[in-house]
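Undergrad: Just passing along the structure, written as structure tokens.
None of the figures in this text is laboratory data; all of them are computed from the coordinates on show. This one's a predicted model, so the numbers in the text were calculated from it and none came from an experiment. Don't worry about glycine lacking a Cβ; one is built from the backbone with ideal geometry, like all the others, and counts go over all protein chains shown.
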Amino acid sequence: MTLSASASHDPVGPSASDVADADTPFIHNAWYVIAESAEITRTPISRTVLGHSIVLFRTEGTGEVVALQNRCCHRSFPLVHGRLEGDTIVCGYHGLRYDTSGRCIEIPMQKRKVPASVRVRAFPTVERGTFVWIFMGDKTLADSIALPHQEWMANDEWDRRFAYLYVKGSYVHLHENLLDLSHLSFLHANSFGTPEYARAPIEWKIEGDNLEVWRHVECRLPSIYAVPLGWVGAKALRSSGSKFVSPGLHVNTGIFRNLDATDDASQGTLPMVKVAQLLTPETSRSTHYWTLQARNFARGDATVGDFMIEQQLAAFREDVFALERITEIQTLEANLAFQEISIPSDRAGILMRRRLKEMADRER
Amino acid sequence: MTLSASASHDPVGPSASDVADADTPFIHNAWYVIAESAEITRTPISRTVLGHSIVLFRTEGTGEVVALQNRCCHRSFPLVHGRLEGDTIVCGYHGLRYDTSGRCIEIPMQKRKVPASVRVRAFPTVERGTFVWIFMGDKTLADSIALPHQEWMANDEWDRRFAYLYVKGSYVHLHENLLDLSHLSFLHANSFGTPEYARAPIEWKIEGDNLEVWRHVECRLPSIYAVPLGWVGAKALRSSGSKFVSPGLHVNTGIFRNLDATDDASQGTLPMVKVAQLLTPETSRSTHYWTLQARNFARGDATVGDFMIEQQLAAFREDVFALERITEIQTLEANLAFQEISIPSDRAGILMRRRLKEMADRER
Amino acid sequence: MTLSASASHDPVGPSASDVADADTPFIHNAWYVIAESAEITRTPISRTVLGHSIVLFRTEGTGEVVALQNRCCHRSFPLVHGRLEGDTIVCGYHGLRYDTSGRCIEIPMQKRKVPASVRVRAFPTVERGTFVWIFMGDKTLADSIALPHQEWMANDEWDRRFAYLYVKGSYVHLHENLLDLSHLSFLHANSFGTPEYARAPIEWKIEGDNLEVWRHVECRLPSIYAVPLGWVGAKALRSSGSKFVSPGLHVNTGIFRNLDATDDASQGTLPMVKVAQLLTPETSRSTHYWTLQARNFARGDATVGDFMIEQQLAAFREDVFALERITEIQTLEANLAFQEISIPSDRAGILMRRRLKEMADRER
């Protein structure tokens, strides 16, 4: 079913208790980006994901990514401060040696075979294009749960740029932010929002697993798009889509049509921007946030790439600002009663949060 | 009844459990200063009072002060980051518009009337002289609870200076500090205390709601008063009064008589200093502290005003130092048993803390 | 019984629940170093030990060390901000005066005798050589519990240097670190460890209260010993002992024999280094750590003293690094299940931790 904004029977009222918020337990049975591929080398690094500290390195031969619990099972020293020997990592405190499966295969001083129970957790990883993904949940489910990676994030049909932002806020709030673009007219009034946005009709595409929102706005495009397209001042139709794909991925799409253009040919393939929003909870109140921006125009033009990612980041830093202020006031007023109210444009966000809550509940 | 220091039957022993301390719940049904008048303009500011974040601005027409819950009821973004449109404030995240009563009167995307339940709290305020007061409790009681403001804090009979101090400590401890001036001989030995203070007879004026302490000390006045009065080296009678007025106000009075003066005329109107101590709990362990110093002598002499407020602040910073060290050791030793002992000069302080405790209990 | 490494029947498995960890309550009935002698003068200082803030000063006449609860029993102002008058300390807030027994002997304003119950705690101290020790527990037991001080820490037969390190970690972990030197080959690979260490046979000397571990390693000595002994490049036998003496003291010993020396005379008295590791819990996750290094060679050579203490500190800072990273990951993952595994070389450490646990349990 596709719902339009005319579905004005949407309730305006308190959010129900069955929607996720910052305090909802993490969803482990899902894939999250843990690092950029280039970050992982033969020098171990550590990163915290879903509250777990993880050590990451590559094997010597095949260069595969290894992700282990970053806490020696002996006396808790972080393995990241150890050293690699071939495909094993040796704890920097007492020398316990772990293989890529997390099993401890050598204890200095110990002549007998190390029992199989002496081990750290190992986590499945998949490397695709720019990023490495990790699966933090039940290993036996890893294969059956789809990697959110999408073809355009790595193939030749797009030019791409990416960046990393650290957000002292919940990934739940960030997902909701990305799914409801009505905030563009307010939070991003000075960056890539335009005033028409907030009141533009919303098209919901909610069906089965699909959770998607579209807006079609006639406007003068903001600089981020108008400048590289050479459409400054022109009237354009801007279609913006937001799609919740999984707890670790959100995709935003922008499609542009020049309404002043008389040249039919120019309307062949519409210029389009796709943005993968890669959200990885670090803790309940902090999120790793990678953003991968892809365009199908001005291909090979590095200046356009630089310009567009910088413009996008300027706007996203406004989101980070908002989310961090929200975290602060939630923390300050943690002991005060507060009943969140939801409004019609939250429809998709509420459905998304309900889905996150269900996923979390299912894991208990 | 007026009690004198001869009431030496005062117990020296553990404080009873019916007196307020830093952990006693806030008293909401009282007026507190939230800001200096000049701070509140058409650019919203926020301030935390009794653990609630409040946004403050003035209306366009009449310039009235508006004080609202600084947390949008939709997704908790602080309203202070929004913008004013006429007498409404528009949330900077999704554009919810609130009127001065806190009611949300517009939700972009929402065509139907916004239900009356969609709102933030609005708080009564009163502006008097230098300050704006706020009432954080049950609105229906606001009118029946007296504003602690006193005439001399704003009328023409006094010259005034004020300053703001931020204290990482409980307002309860600060009230107690102000009510028992026996600490002047010790904490303020190098600023405005004199050695005679600690052992000077105390006159309690405790009757009904009145909670007042006086000391009359023959001494050489400290510089803060001696210099502007031209009494350096002279013998003087210094009468010092402390009065607990309400949880948000304490008044200290100093009256000076030159005992070396032979000129009867000079004793006509005695020189006097009054200090309004405006205490506003921010959290259980932090306090906004404004101090308003008024004098009835050296009128119109700005140099004297500068000198006296600076001297007073030097001493008050000693109080802040003491209160912050107390907070630190209470925090460090929070899990250790500790039984506070009270001494005779705490008589008024203990009565004041008992009153605060009763007020807090009554609100539950 | 003396156990050798051949006791390979040691379990490799989860640590039992009867061993102390960072969350085990402190052991109060024991002596701990609280300060260097030279730190305590007629100007009071404060220091936190076992979670209690203590004020320290010397008496005027005999120069004895006084250690009192650093929290006035009246309104919790730290006594360290007061002033000494003779052998009494006067609180800097309201002037309560305490004698060296902690009893309040004067309250300004109070004419009658102060009841004996008005007091702060006083703690037994003993000054020996470089350090002052404190007893935080039941005073009546202080005499019956041996001061861990050992003769060589102060007598003429050794040259000594000492230093202070502050560790954001539990003293339990630090004791365990000091008792199992198998970490030398890993954590100290670049400072004073040598590769042979981890696999060297361990000799346990565990009998009654004795908890001691020795290792005898043939190696080229690290610079810290080889340079001052003039044994660079020579083959040596390095015997290293670790002994848990009490919750506040650990002693490490190094004895060196030059295996290349043909000169029998040189083997008369073997060169030896003894290190007193003085561990004093500040809080459950922070430790005062003094280290006193004594040598019986190169006597009177200040350059050797400087060199050896600096080399030792370089290595100990590696321990501090490890312990602080452990504290961090324990804090980050406090809510995650984690089962510590113990290995054969932990034998003595586990016995020590069991003893600490028993001592703590006994105090409840």
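Undergrad: Could you please report the charge total around C:Leu147, scoring K, R as +1 and D, E as -1 over all other residues with beta-carbon less than 12 angstrom from its beta-carbon?
TA: Net local charge, C:Leu147 excluded: -2.
Undergrad: Output the relative contact order of the range C:31-144, whole-number percent, from Cα pairs under 8 angstrom with separation of 6+ residues.
TA: 25
Undergrad: Then there is this: Could you go through the range C:322-328 in sequence order and give the Karplus-derived ³J(HN,Hα) for each residue, using 6.51 cos²θ - 1.76 cosθ + 1.60 with θ = phi - 60°, rounded to whole Hz, and x for Gly and Pro?
TA: With coefficients 6.51, -1.76 and 1.60, one gets 4, 5, 6, 5, 5, 4, 4 Hz.
Undergrad: So for chain A, averaging the separation of alpha carbon pairs under 8 Å that are six or more residues apart and normalising by length, what relative contact order in percent results?
TA: Taking the mean separation of contacting Cα pairs over the length of chain A, I get 23 percent.
Undergrad: Can you list, bin by bin at 5 Å, the percent of alpha carbon pairs in the range C:31-144, starting at 0?
TA: 2, 12, 24, 24, 19, 11, 5, 2, 0
Undergrad: Turning to a different aspect of this structure: Run the helix sum for chain A: -39,500 (n - 2.57) per DSSP H stretch of 4+ residues, divided by residue count, reported at 222 nm to the nearest 500 deg cm²/dmol.
TA: -6000 deg cm²/dmol
Undergrad: Once all Cα-Cα distances of the range A:84-223 are split into 10 Å bins that start at 0, what whole-number percent is in each one?
TA: It works out to 9, 20, 27, 19, 12, 9, 3, 0, in whole percents.
Undergrad: Along the range A:188-194, what does the Karplus equation 6.51 cos²θ - 1.76 cosθ + 1.60 (θ = phi - 60°) give for ³J(HN,Hα), rounded to whole Hz, x for Gly and Pro?
TA: Running phi through 6.51 cos²θ - 1.76 cosθ + 1.60 with θ = phi - 60° gives 10, 4, 9, 10, 10, x, 10 Hz.
Undergrad: Which distances, shortest first and in nm, link A:Glu157 to the matching position in the other copies, using label points set 7 Å out along Cα to C-beta?
TA: 8.5, 8.5
Undergrad: Could you give, in nm with one decimal, how far C:Arg42 is from each other copy of that position, shortest first, with labels 7 Å out from Cα toward Cβ?
TA: Listed shortest first, these distances are 6.6, 6.6 nm.
Undergrad: For a 20 Å ceiling on Cα separation, which of these pairs sit above it: A:Lys243/A:Lys274; A:Lys168/A:Lys243; A:Lys205/A:Lys243?
TA: A:Lys168/A:Lys243
Undergrad: Of C:Asp361, B:Asp180, how do they rank once you tally other Cβ atoms within 10 Å and put the fewest first?
TA: C:Asp361, B:Asp180
Undergrad: Counting Lys and Arg as +1 and Asp and Glu as -1, each charge on the Cβ, what is the dipole of the range C:47-139 about the Cα centre in debye, to the nearest 20?
TA: That gives the range C:47-139 a dipole magnitude of about 380 debye.
Undergrad: Which whole number in µm²/s is D for the range C:230-346 by Stokes-Einstein, with the Kirkwood Rh taken over Cα pairs at 37 °C and 0.692 mPa s?
TA: For the chosen part, D equals 189 µm²/s.
Undergrad: Can you compute 3J(HN,Hα) from phi for each residue in the range C:301-310, using the Karplus curve 6.51 cos²θ - 1.76 cosθ + 1.60 with θ = phi - 60°, rounded to whole Hz and x for Gly and Pro?
TA: Ordered by residue, 3J(HN,Hα) equals 9, 5, 5, 5, x, 4, 4, 5, 6, 5 Hz.
Undergrad: Copy-to-copy spacing for A:Val227, label 7 Å out on the Cα-to-C-beta vector, in nm, shortest first?
TA: 5.7, 5.7
Undergrad: Springs between alpha-carbon atoms under 10 Å, Gaussian network over chain A: tell me which of A:Val172, A:Val114, A:Val33 tops the mean-square fluctuations.
TA: Of A:Val172, A:Val114, A:Val33, the most mobile in the Gaussian network model is A:Val114.
Undergrad: In addition: Rounded to the nearest Å, what's the spacing between the alpha carbon centres of the range B:57-129 and the range C:316-364? Just the number, please.
TA: Cα centres, the range B:57-129 to the range C:316-364: 53 Å.
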